[in-house]
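Q: Handing you a structure now.
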Amino acid sequence: MDTYIAFVTAHPLVSAMLQFAILGTLGDFIARWIIEKKISMPSGLKTLLLKMLEWAFLAILIKYAFSGFNGFIDKLVADGMLPELSGPWRAFAVSTSMNLQFGPFLVLMHRLLDNLVAGQKNWANIDKGFMSLLWFWIPAHTVTFSLAKPYQIGLAALWSVALGVILGFYNRQKTNP
């Protein structure tokens, strides 16, 4: 664990990119495997690499948002616009502000990049992506922001796998009653 902490501390953007490239892509694949009820390579090598690049790019945005929204809450507290917060209340404030302000942009950017990688225009069910900010990402990131900083991006990337599993089962039920 010391090696992990040293790496993510010394290379915050590179480590975020690597973690999301691997785990975000894995989450996409697991969702597909659950929907199709079989484990297979859901795309060719080119698409795999493009998906990993997509997730690496999103990781940069996420890493900056994590830092920025921590500062945002600090500034609101300093200006007397929020009470002094600690523990889970501070984590909830950071998570809520990030997911309600940055989250919609990220949902749209993720879908846009998915469409570019797939060579299609699929905006179906984008509303469900926005709703996931409320039912999944705010609670998940409340837990995430309760952890020490070196663990936050890693857990956020793991949440992408968890959401892939959830959405895979949801979409399998919808397509195969």
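Derivation of every value follows stated rules applied to the coordinates shown; laboratory data play no part. Predicted model only: the values in this text are computed from it and were never measured. Neighbour counts are summed over all protein chains in view; Cβ atoms, including those assigned to glycine, are modelled from backbone coordinates with ideal geometry.
Q: Taking the Cβ-Cβ separation of residue 171 and residue 115 as r and a Förster radius of 25 Å, what is the calculated FRET efficiency to the nearest 0.05?
A: The pair residue 171/residue 115 has a calculated efficiency of 0.90.
Q: Of 122, 70, 99, which is the most mobile in a GNM of the chain whose springs link Cα atoms less than 10 angstrom apart?
A: Evaluated over the chain, the most mobile residue of the options is 122.
Q: Can you give the FRET efficiency to the nearest 0.05 for residue 127 and residue 37, using r as the Cβ-Cβ distance and R₀ = 35 Å?
A: 0.85
Q: Hey, another quick one. Roughly what percent of Cα-Cα pairs across region 2-175 reach past 28 Å?
A: Above the 28 Å cut-off, region 2-175 has 25 percent of its Cα pairs.
Q: Sticking with this one: Could you count how many Lys pairs in the chain have their Cα atoms under 30 Å apart, skipping same-chain pairs fewer than 8 positions apart?
A: So the count works out to 27.
Q: For region 28-117, go through all pairs of different Cα atoms, get the mean of 1/r, take its inverse, and jot down that Kirkwood value in Å.
A: 15.5
Q: From the phi of every residue in region 147-154, what ³J(HN,Hα) in whole Hz does the Karplus formula 6.51 cos²θ - 1.76 cosθ + 1.60 yield, where θ is phi - 60° and glycine or proline is x?
A: 8, 4, 3, x, 9, 5, 5, x
Q: On to the next question. Could you state the angle between the C-alpha long axis of helix 87-101 and the longest principal axis of the C-alpha atoms of the chain, as a value from 0 to 90 degrees rounded to the nearest 10?
A: Result, in degrees: 60.
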